[in-house]
1. Give, as a single signed number, the net charge of other residues whose beta carbon lies under 15 Å from the beta carbon of L63, with Lys and Arg counted +1 and Asp and Glu -1.
2. Along the Cα-to-C-beta direction of L93, a point sits 7 Å from the Cα; which residues of the stretch 46-71 have their amide N less than 15 Å from that point?
3. Whole-Hz Karplus ³J(HN,Hα) for the stretch 120-129, in order, using 6.51 cos²θ - 1.76 cosθ + 1.60 and θ = phi - 60°, x for Gly and Pro?
4. G94: net charge of surrounding residues, Cβ under 11 Å, Lys/Arg +1, Asp/Glu -1, itself excluded?
5. Can you list the residues, at least 5 places off or on another chain, whose amide H is less than 5 Å from the amide H of V27, using H built in the peptide plane?
6. Give the order of H9, H32 when sorted by the count of other beta carbons within 10 angstrom, beginning with the fewest.
7. Could you pull out every residue, at least 5 positions away or on a different chain, whose amide H is within less than 5 Å of the one on I99? Hs are placed 1.01 Å off N in the peptide plane, and Pro or chain starts have none.
8. So how much slack lies between K41 and E22, counting 0.36 nm per residue of separation and subtracting their Cα-Cα distance, in nm?
Amino acid sequence: MMIMIVTFHEEFRGKISAFLSEKGYEVCVPPHRQDVIPLVKEKSPLVVVLDMYVAEPNGLDVLKELRAQHYQGKIVALAGTSVRSLMPQASQLGVDQVIGGFQGDGGALNLDQVESVIKMALRSSIAKRAFELYEARGRTQGKDLDDWLEAEREIFTKAKPLSTGERKEKAAPESQSRKQTKPQKKSPQRTKNPI
């Protein structure tokens, strides 16, 4: 899964990028703020982690442009107290998750929180895919977690953003070792004849 990191803060950008890369995610960092939109078009990241504090263009302008260009991926906003006033507008433009308390001027950054919020932004896509797998496998009882984990793996390794209505085709089972079970027919019960 491609994740784009957009922040002016070089240290945070490096930390987030290194952390996510170590976790196995493919990370993309635009060299300049003006390169965000062209790079999104080229790389099609599944998630953009956008620092709302960026300037020239500011985070809100970047968000507006992403949506104007019909970017269908998820957007996670890094936001601190200095950009709190932008958040209602950012929400209207489709920010999927917000990491609060972030300050571009040297505030703390919890990297595990960044990963958790990225996963939360993708939760509905994962749930949809898990249900597709569940249906395709004949609603196998007790395999819900397996379906969820496989859906998570598929989405996290997917290279392009999910769009509305994507993946309408039937899901194929991951392995043939899972047997589809049919409900057993109940044998008819005998009733005693009244005397």
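Nothing in this text is a laboratory measurement; each read-out follows from the coordinates by a stated rule. No experiment lies behind these values; they were computed from the predicted model shown. Don't worry about glycine lacking a Cβ; one is built from the backbone with ideal geometry, like all the others, and counts go over all protein chains shown.
1. -1
2. 48-71
3. These are the phi-based 3J(HN,Hα) values: 5, 4, 8, 4, 5, 5, 5, 4, 4, 5 Hz.
4. +2
5. I3
6. Going from least to most buried by this count: H32, H9.
7. Placed amide hydrogens put A77, L78, A79 under 5 Å from I99.
8. Stretched out fully, the K41 to E22 stretch lengthens by 4.3 nm.
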